[in-house]
Amino acid sequence: MSSALNKDHLRIASVNVNGLRAAYKNGMAAWLEPREVDILCLQEVRAPDAVVRQLLGEDWHILHAEAEAKGRAGVAIASRQEPLATRNGIGDDYFATAGRWVEADFRVPDAAGNPVQLTVASAYVHSGEVGTPKQDDKFRFLDVMSTRLPELTKHSDHALVVGDLNVAHTPVTSGTPRATSRRPGTCRRNVPTSTGSSVRRSAGMTSTGPWPGMSTGPTHGGPGAARHSTTTPAGASTTTWPPPNWRPPPFRLSWTVQPPGTPASPITPRW
C-alpha cells in the first residue's frame, strides 16, 4: 500500500486493541486493510514484540514499547513511512518499562507543499484506583505528561497525542458528584491535570470533537463493546473526549472509521 505521507492527506488511526492477538482473532486485519491508514497508534497491545511484528506484517515500520508486566499495557506506533526519529518512554525512568508512551517524528508536507515535522505520540495512561498506589502512579504519569506536552510543541511544527488517556478533561459528571469524585478517571485532581484546558493552553495544544460516525447503543461489554478509533486528516488538531457541554448518555459511546467516501454505519461486532 502506498503511503499518503507522499500525497495531499494524512490518515492516522488510534485504537485501544485490548490485546492485539485477540483483536486480530476478531477481525482487526480485515477492519484495517481498506482504511488506508498511514500511521497506526495502538494501546493495550499486551503482546511480545515478535508477535506484534508478525501480526502487523512487513509493510509497517513499527515502534513498540512492551510492558515489563506480562499481559499488561503496551503501546505502539506503526507507520508506512520510516520515521525520522523515535523515542520509547515519556522521560521518567520510573515508567521506563511500563509500556505507556512512544513518540515518532515524521517529515510531511504542509498545505503549501513545504516540508514540516510532525510528532505523533501513542499514550496509555493508567486507569488508576482512587486511594491506592495505582492512583499515585497515575498522577505521577499525568504530571510528567504536563511537562512533556510543552516540550513537544517546541520540538516539532505539529504534535499529535492520541491514545487512551483515562481522564475527563472537563468537570463532567456521571452520576452524583460524590460518585464521580471516587472514579479514578473523574476524581477532582484528574480534571485540571495534564489534559486540562490550562495545560493545553500552556502547551499551545488544542482539542476537537465530536467526530463523524459517532453513535450510541446498548453496548455494555461483550461482542458489541465499543473500540476507540478515529482518523485525523492533515491539519486537524489533537482530539480528546468528551466534547464541550457533553453529558453522558445512558449507553456507552462508540464510533467507527470508514474508508474515504463511505457513509458512516453502525459499529460491527468487535471491529
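Where a number appears in this text, it was derived from the coordinates with a stated rule and is not lab data. On a predicted model such as this, the values are computed, not experimentally measured, just so you know. Positions of Cβ are generated from backbone atoms using ideal geometry, with glycine treated the same way; all protein chains shown enter the neighbour counts.
Segment N114..E82, full-extension length gain: 9.6 nm, with 0.36 nm per residue of separation and the alpha-carbon distance subtracted.
Here the extension length gained between A69 and D136 equals 22.3 nm, from 0.36 nm per residue of separation less the Cα-Cα distance. Each label point was placed 7 Å from the Cα along the Cα-to-Cβ direction; for D105 and A50 their separation is 3.3 nm. For S127, S156, the sequence from fewest to most other C-beta atoms within 10 Å is S127, S156.
Listing E36, E68 from fewest to most neighbouring C-beta atoms within 10 Å gives E68, E36.
Remark: spin-label model distance D59-D93 equals 4.2 nm, labels positioned 7 Å along the Cα→Cβ axis.
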